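Peer 1: Okay, here's the structure, questions in a sec.
The values are calculated or read from the model by the stated rules, or taken from the named source; none is laboratory data. Keep in mind that what you see is a predicted model, and the values were worked out from it rather than measured. Every residue, glycine as well, gets a Cβ built from its backbone with ideal geometry; the counts of neighbours run over all protein chains shown. In case anyone asks, the SASA skips ligands and DNA or RNA and just uses the protein heavy atoms, side chains included. Shrake-Rupley method; radii C 1.70, N 1.55, O 1.52, S 1.80 Å.
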Amino acid sequence: QVQLVESGGGLVQAGDSLRLSCAASGRFFSNYAMGWFRQVPGKEREFVAGISWNGDSTAYADSVKGRLAISRDNAKKTVYLQMNSLKPEDTALYYCAADYWGSGSPNSAVYDFWGQGTQVTVSS
């Protein structure tokens, strides 16, 4: 069992940066691939970024490539999402998720545990 708590969201202006954190509790965090997803009201949850258990492999949605970066610190049981050059269309509730022995897949159905989300709002 893994519990996930996101933090770092907020209200920023277009072009600003934010760093989201996802702190995990429970055992064997390093056995989990991690993903970041986002959702706006009325739309399906969409994949943002994923990272393998050891950080060697990452994946990104096309809409965020070059602006967002996922990383992890297994000693701290934390995964990060560095968000640069933010755009109004990045406004969403951001969730982190854990996939046991996964690869950081863009498929939300493979993830075993989810956090409650942190809101990111980007004004124009």
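Peer 1: Can you find a residue in segment 60-70 that is modelled with pLDDT under 95, in contact with a helix residue (DSSP H, G or I) (Cβ under 9 Å, 6 or more places away or on another chain) and not hydrophobic (A, V, I, L, M, F, W, C)?
Peer 2: No, that holds for no residue.
Peer 1: Being surrounded by fewer than 19 Cβ atoms within 10 Å (Cβ to Cβ) and assigned to a strand (DSSP E or B) is the filter; apply it to segment 66-77 and report the residue that is farthest from the chain's Cα centre (by Cα).
Peer 2: Checking each candidate, the answer is D73.
Peer 1: Determine whether S63 is within 17 Å of L4 (Cβ to Cβ) and either small (G, A, S) or open to solvent by less than 30 Å² (accessible area, probe 1.4 Å) (or both).
Peer 2: no
Peer 1: Under 6 Å between Cβ atoms, at least 6 apart or on separate chains: pull out the pairs that start in segment 106-124 with a residue that is over 21 Å from T78 (Cα atoms) and end on any residue that is among the aliphatic types (A, V, I, L, M) and open to solvent by 80 Å² or more (accessible area, probe 1.4 Å).
Peer 2: T121/L11
Peer 1: Run V2 past the list (1) in contact with an Asp or Glu (Cβ under 9 Å, 6 or more places away or on another chain); (2) closer than 23 Å to T121 by Cβ; (3) among the β-branched types (V, I, T) and report the number of the one that doesn't hold.
Peer 2: It is condition (2) that V2 fails.
Peer 1: Outside any strand (DSSP E or B) and closer than 28 Å to Q1 by Cβ, is that true of D56?
Peer 2: Judged against the criteria, D56 is a match.
Peer 1: Select from segment 79-124 the residues that are of a type outside the set (S, T, Y), open to solvent by 70 Å² or more (accessible area, probe 1.4 Å) and not in a loop (DSSP other than H, G, I, E, B) and list them in ascending order.
Peer 2: E89, A109, W114, Q119
Peer 1: Filter segment 39-54 down to the residues that are of a type in the set (F, W, Y) and open to solvent by less than 80 Å² (accessible area, probe 1.4 Å) and list them by number.
Peer 2: Within segment 39-54, F47 is the sole residue that qualifies.
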